[in-house]
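So the structure is just underneath, and the comments pick up after that.
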Amino acid sequence: METSLLVFLLISLAKVIVVVVITLMAVAYTVLLERKLVGRIQNRWGPSRVGPFGLLQPLADGAKLFLKEDLMPEAVYRPLYILAPMIALICALMSIAVVPFGADVRWKGVQLFEISDTNIGLLILLGITSIGVYGIALSGWSSNNKYSLLGALRASAQVISYELALGLSLVGIVLRSGSLNLRHIVDVQATHGLLSWNFFGGFQFIAFFIYLMAAYAETNRAPFDLPEAESELTAGYHTEYSSMKFAMFFMAEYANMITVGCVATLLFFGGWTSPFGNLLPQPSNPIAISLLSLFWFVVKVLFFLFLYIWVRGTLPRLRYDQLMGFGWKFLVPVAVANIVVTSFFIGLRLPLH
Amino acid sequence: MHLALFIIFAGLCVAGALNLLFQRHPINSALSLIVVMSSLAVLYLLLGAEFLAAAQVIVYSGAIMVLFTFVIMLLNAGREERTHGSKLAYIAGFPGAAALLGLLTFIFLNRRSSFGQAQLGEYLATTGDLSRVLFRDLLLPFEVTSVLILIAILGAVALARKEH
């Protein structure tokens, strides 16, 4: 069916608004989830005063951050000091645009559950991740504070090092599905439910663990949160930031976590497909299909967010030389070995032509 | 649509390049270079080279420019001083640049037929097409280039190694 440009633009605009609002809400409630869960892990309650079960806490936090005084130290380099948190947040929100989060349901010929369906979705995600580090690097430099600068230097070195392992760990997936299109990668895993997911049936669990660890380092989360190690660097790159500028960094970090969860779901755990495959009867009603696929996608992403918080609550922070050694001497060689073994098996199965 | 995007991003590219030259602080120059590289990626995309565009963003605007800013931050480079420059640059610079531009334009216009189908529009070279060319038709030059890069890496390691 042909779609006119106007209809396409209007539906796309609506999708962008809905996805951004949902992502920001998810960010707010991931913060609450983290505070609750880490509280439980440390044998305390976590926020419980604002609203039932502390459910209105994100609202109160948001109001507080909006109303705080926005301090601007004397010695900062102003243009970059203001630009840096925006770069961080914009890059974090942009990467959601290529993530497909539901079955192929169309309305007036436009895909409903994905902002843009591109051939090189995976590469776009990697590209946006590699741009996102400028937010952190520039914030530390422009703050004109030695703790900030050290945090930013650590962050850029860490992100460059782990980007390599991250990219290499995804090659096995690309080899197996023969495409860089995220929707296609999920479709390849859709045939037999759990058994055809890349994690189980594709034997990519080594790649998955490499991806997970590299992604934790890319998002500067525990146990790789050295750029903001409070025992050595006060607060690292965002020491000089306050009010909404600080909140932008905070939101960017959690939005990146959500993106990592989405990507891990899509690449290794079959995206929106159900783990039971064809054991359960498939609905034929488009609304039922949409709701079911959204349900599975959200469940899997929530699992990854839970894992993030669990890891943060349990593991101690690495030392800096351990971090670099782990990235270069362990993750990269294992990722290369994974590529060799995977391509060997795929080569055995494919006929020569 | 394609033409409008081309004009916007080509303009951005040229503006970034000029800003790179006129800025006196190295970090501003580095940031303008990022703008230039990213808008070049959009131009590649308009020509239908999607993999090249993504690689441009990941490798150049991402990895390489992060290293540039990293070094600038590490050395904490200050403002540059303005000098009068050499006389030779004043005398030979503009005519030389104009001659080079003229020569390139002449060659491009003359040899337009051998550039293949690449043009602004619906044409798309997929990643599969690109890899077929790289790993089948041009396999030997590709492998030789990778050996060259390996030699460069070994050279860098040899230079950076501490003497005992």
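The values are calculated or read from the model by the stated rules, or taken from the named source; none is laboratory data. The structure displayed is predicted, hence computed values, not measured ones. Note: ideal-geometry Cβ built from the backbone for every residue, glycine included; neighbour counts use all protein chains shown. Ligands, DNA and RNA are stripped out before the accessible areas are found, and what is left, the full protein with its side chains, is counted by its heavy atoms. Shrake-Rupley method; radii C 1.70, N 1.55, O 1.52, S 1.80 Å.
Scan the range A:177-236 for residues that are of a type in the set (Ser, Thr, Tyr) and over 15 Å from residue A:162 (Cβ atoms) and the total you get is 6. Among the residues of the range A:117-128, just one is more than 17 Å from the chain's Cα centre (by Cα) and farther than 15 Å from residue A:187 by Cα, namely A:120.
Quick check, is residue A:180 within 14 Å of another protein chain (Cβ to nearest Cβ), at pLDDT 85 or above and either under 25 Å from residue A:237 (Cβ atoms) or open to solvent by less than 20 Å² (accessible area, probe 1.4 Å) (or both)?
Answer is no for this residue.
Within the range A:201-211, if we keep just the residues that are crowded, with 19+ Cβ neighbours inside 10 Å and of a type in the set (A, V, I, L, M, F, W, C), the residue that is farthest from residue A:168 (Cα to Cα) turns out to be A:208. Criterion applied to A:128, A:120, A:115 was being more than 10 Å from chain B (Cβ to nearest Cβ) and either in contact (Cβ under 8 Å) with a residue 24 or more places away in the chain or open to solvent by 40 Å² or more (accessible area, probe 1.4 Å) (or both), and the one residue passing it is A:115. Residues that are within 28 Å of residue B:45 (Cβ to Cβ) and either among the β-branched types (Val, Ile, Thr) or in contact (Cβ under 8 Å) with a residue 40 or more places away in the chain (or both) within the range B:132-164 comprise B:133, B:145, B:149, listed in sequence order. Entry remark, the range A:63-112: residues being under 30 Å from residue A:148 (Cα atoms) and small (Gly, Ala, Ser) number 6 in total.
Condition check: modelled with pLDDT of 85 or more, among the hydroxyl-bearing types (Ser, Thr, Tyr) and under 30 Å from residue B:31 (Cα atoms). Does residue A:30 satisfy that?
Values: modelled with pLDDT of 85 or more: yes; among the hydroxyl-bearing types (Ser, Thr, Tyr): yes; under 30 Å from residue B:31 (Cα atoms): no.
Spelling it out, it is not the case that residue A:30 is modelled with pLDDT of 85 or more, among the hydroxyl-bearing types (Ser, Thr, Tyr) and under 30 Å from residue B:31 (Cα atoms).
Yes or no: the range A:157-176 includes at least one residue that is more than 20 Å from the chain's Cα centre (by Cα) and within 11 Å of chain B (Cβ to nearest Cβ). Steps first, please.
We begin by selecting, within the range A:157-176, every residue more than 20 Å from the chain's Cα centre (by Cα); these are A:175-176.
Those left that are additionally within 11 Å of chain B (Cβ to nearest Cβ): none.
Checked against the condition, which is being more than 20 Å from the chain's Cα centre (by Cα) and within 11 Å of chain B (Cβ to nearest Cβ), the range A:157-176 yields no hits at all.
If the condition is being surrounded by fewer than 12 Cβ atoms within 10 Å (Cβ to Cβ) and touching a residue at least 12 places away in the same chain (Cβ under 8 Å), then the range A:260-295 contributes A:276, A:278, A:279.
Just one of the listed residues (A:304, A:297) is more than 12 Å from the chain's Cα centre (by Cα), closer than 21 Å to residue A:199 by Cα, modelled with pLDDT of 85 or more and of a type outside the set (Val, Ile, Thr), and it is A:297.
Restricted to the range A:308-323, and to residues there that are surrounded by 17 or more Cβ atoms within 10 Å (Cβ to Cβ) and not charged (D, E, K, R), the residue that is nearest to residue A:43 (Cα to Cα) is A:309.
Out of the residues in the range B:64-104 that are within 14 Å of chain A (Cβ to nearest Cβ) and β-branched (Val, Ile, Thr), which is nearest to the chain's Cα centre (by Cα)?
Here is the first cut: in the range B:64-104, the residues within 14 Å of chain A (Cβ to nearest Cβ) are B:64-79.
Those left that are additionally β-branched (Val, Ile, Thr): B:64, B:66, B:69, B:71-72.
On the way: B:64: 11, B:66: 15, B:69: 17, B:71: 19, B:72: 20 Å.
Among residues in the range B:64-104 that are within 14 Å of chain A (Cβ to nearest Cβ) and β-branched (Val, Ile, Thr), the one nearest to the chain's Cα centre (by Cα) is B:64.
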